[in-house]
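Take a look at the structure set out below.
The values are calculated or read from the model by the stated rules, or taken from the named source; none is laboratory data. Please read these numbers as outputs of a predicted model, since none were measured by experiment. Positions of Cβ are generated from backbone atoms using ideal geometry, with glycine treated the same way; all protein chains shown enter the neighbour counts.
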Amino acid sequence: MALGTLSWGSDTDADEAATQLLAFVDAGGTLVDTADVYAEGECERILGGLLGDLVPRDDVVIATKAVARRDDGPFGGGASRGALLAALEGSLRRLGVDHVDLWQLHAWDASTPLEETLATIDSAVSSGKVRYAGVSNYAGWQLATAAAAQRGRTPIVSAQVEYSLLERGVEREVVPAAAHHGIGLLPWAPLGRGVLTGKYRNGTPPDSRGASAHMAGYVEQHRTERAARIVQAVATAADGLGTSPLCVALAWVRDRPGVVAPVVGARDTQQLAGSLAAEELTLPPAIRAALDDVSAIELSYPERRML
C-alpha cells in the first residue's frame with residue numbers, strides 16, 4: 001500500500017497526520033503520495049514537518065505532483081518548463097527536502113508541447129532534485145506517447161490512475177500501455193471513493209465524505225445501481241471470508257496485473273488500520289472470479305482482439 005495524503009491539511013490535522021505516518025511506517029509502508037495543490041500546499045508542509053524528527057527522511061519514498069493550477073499567472077500551473085520548475089521548487093521548499101523520489105505530472109497539458117514537458121523532467125532529474133518521474137490521470141495514448149518519447153532518456157516509471165472494482169475503465173487502454181512500456185500502476189481511490197466499504201448502503205453517514213459539502217459530488221459519482229450490485233458482492237465475499245468489505249476491495253485491486261501499490265487515504269488512523277489489514281488477505285480464486293464478473297466492463301473493438 002501507499003499512503004495517500006489528500007485529506008491532510010483539510011479534514012486531517014497535523015497531529016492526526018503524524019499518527020497516521022507513524023502507523024504506516026511501523027507497518028512497513030514506505031511510499032507517501034502528495035501533491036503541490038493538496039490543501040493549497042498545506043499537505044506538503046505537514047509532511048515536511050514530520051520528516052526528520054518523527055520519521056527519518058530516508059525511510060520513506062516521497063511522491064508529489066505538479067501541473068495542476070496553484071496560483072494565477074503564467075507559471076502558476078500547467079506543464080511548461082517555467083511552470084514545472086516553479087512547482088518543483090515550491091514543493092521542495094514546503095517539504096523541506098533537497099529532492100523528491102517520484103515527481104508526477106498530475107495531468108496532461110494539451111497547451112504545452114510534450115517535448116518541452118519531458119525535457120523539463122530530464123532537467124529536473126539531472127539536477128538531482130528528482131529521482132524518478134511518473135504521470136497521473138493520463139489516457140492510454142498519452143501514456144504510451146510519453147513513454148515512447150522518453151526511450152533513452154528519463155523513463156516514465158509510474159502511472160497513477162483511478163482504479164477499483166467500480167472504476168475499471170483503465171483496463172481498456174491504460175493498463176495495456178503501462179504493461180507494454182514496463183510502467184507500474186498506482187491506483188487512486190481504490191475503494192471507489194469510499195463506496196466499496198459499504199458505508200453508503202443504507203444512506204449517507206453524517207461523518208462521511210458523502211455528507212460533506214466539498215466532497216459529496218466526488219462520492220456521488222459512484223453511487224449508482226451498478227455500484228450497488230458490486231458493493232453487495234463485495235459484502236457477501238467479506239462475510240464468507242470473515243473480513244471487511246474494505247479489505248476485499250483493496251486486495252482485489254492490489255493483485256491486478258501491473259499494480260504496484262494502491263494509494264489509500266484515511267481521515268484518521270483507525271481508517272488507515274483497516275486498509276493496512278488488507279495486506280494479510282489473499283482472495284481465493286473463486287471469489288476473485290466472481291468479483292471480476294460482477295464488475296466487468298464491456299470491451300469491444302479495438303480493445304478486444306477480433307478473431
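So which residues in the stretch 258-307 are of a type outside the set (K, R) and within 16 Å of the chain's Cα centre (by Cα), if there are any at all?
Here is the first cut: in the stretch 258-307, the residues of a type outside the set (K, R) are 258-266, 268-287, 289-303, 306-307.
If the condition is that a residue be of a type outside the set (K, R) and within 16 Å of the chain's Cα centre (by Cα), then G258, V259, V260, A261, P262, V263, V264, G265, A266, L272, S275, L276 are the ones that fit.
Let's see how each residue does on (1) at pLDDT below 95; (2) among the hydroxyl-bearing types (S, T, Y); (3) part of a loop (DSSP other than H, G, I, E, B); (4) within 20 Å of the chain's Cα centre (by Cα):
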{"residue": "G48", "(1), (2), (3), (4)": "no, no, no, yes"}
{"residue": "T64", "(1), (2), (3), (4)": "no, yes, no, yes"}
{"residue": "D72", "(1), (2), (3), (4)": "yes, no, yes, no"}
{"residue": "F75", "(1), (2), (3), (4)": "yes, no, yes, no"}
{"residue": "G78", "(1), (2), (3), (4)": "no, no, yes, yes"}
{"residue": "L85", "(1), (2), (3), (4)": "no, no, no, no"}
{"residue": "S91", "(1), (2), (3), (4)": "no, yes, no, yes"}
{"residue": "D98", "(1), (2), (3), (4)": "no, no, yes, no"}
{"residue": "Q104", "(1), (2), (3), (4)": "no, no, no, yes"}
- Out of all the residues in the stretch 107-117, is one or more without any contact (Cβ under 8 Å) to a residue 24 or more places away in the chain, hydrophobic (A, V, I, L, M, F, W, C) and part of a loop (DSSP other than H, G, I, E, B)? yes
- Item | Residue list for the stretch 221-235, restricted to those being surrounded by fewer than 17 Cβ atoms within 10 Å (Cβ to Cβ) and part of a helix (DSSP H, G or I) | E225, R226, A228, R229, Q232
- Can you name the number of the only condition in (1) in contact with a strand residue (DSSP E or B) (Cβ under 9 Å, 6 or more places away or on another chain); (2) of a type outside the set (D, E); (3) crowded, with 17+ Cβ neighbours inside 10 Å that L22 fails? (3)
- When only residues in the stretch 257-280 that are touching a Lys or Arg at 6+ places or on another chain (Cβ under 9 Å) and surrounded by 16 or more Cβ atoms within 10 Å (Cβ to Cβ) count, which is nearest to A235 (Cα to Cα)? A278
- Give the stretch 177-196 a look and list any residue that's touching a residue at least 60 places away in the same chain (Cβ under 8 Å) and more than 16 Å from the chain's Cα centre (by Cα), or say none. A179
- Task: List every residue pair whose Cβ atoms lie under 6 Å apart, where the two residues are 6 or more positions apart in sequence or sit on different chains, the first residue falls within the stretch 249-275 and is closer than 18 Å to V61 by Cβ, and the second residue, located anywhere, is among the polar types (S, T, N, Q) and not in a helix (DSSP H, G or I).
- Result: G265/S7
- Query: So which residues in the stretch 93-117 are farther than 13 Å from A68 by Cβ and buried (at least 20 other Cβ atoms within 10 Å of the Cβ), if there are any at all?
  - Reply: R94, L95, V100, L102, W103, T117
- So how many residues does the stretch 137-169 have that are among the polar types (S, T, N, Q), out of contact with any Pro (no Cβ under 6 Å at 6 or more places or on another chain), over 17 Å from K65 (Cα atoms) and not in a helix (DSSP H, G or I)? 1
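Applying the selection to the stretch 11-24, what residues are without any contact (Cβ under 8 Å) to a residue 60 or more places away in the chain and either over 18 Å from the mean Cα position of the chain (by Cα) or within 16 Å of G184 (Cβ to Cβ) (or both)? Write out each step before concluding.
Start the filter on the stretch 11-24 by keeping residues that are without any contact (Cβ under 8 Å) to a residue 60 or more places away in the chain, which leaves 13-15, 17-18, 21-22.
Selection gives D13, A14, D15, A18, L22.
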- Query: What single numbered condition from (1) touching a helix residue (DSSP H, G or I) at 6+ places or on another chain (Cβ under 9 Å); (2) within 24 Å of G48 (Cβ to Cβ) fails to hold for Q104?
  - Reply: (1)
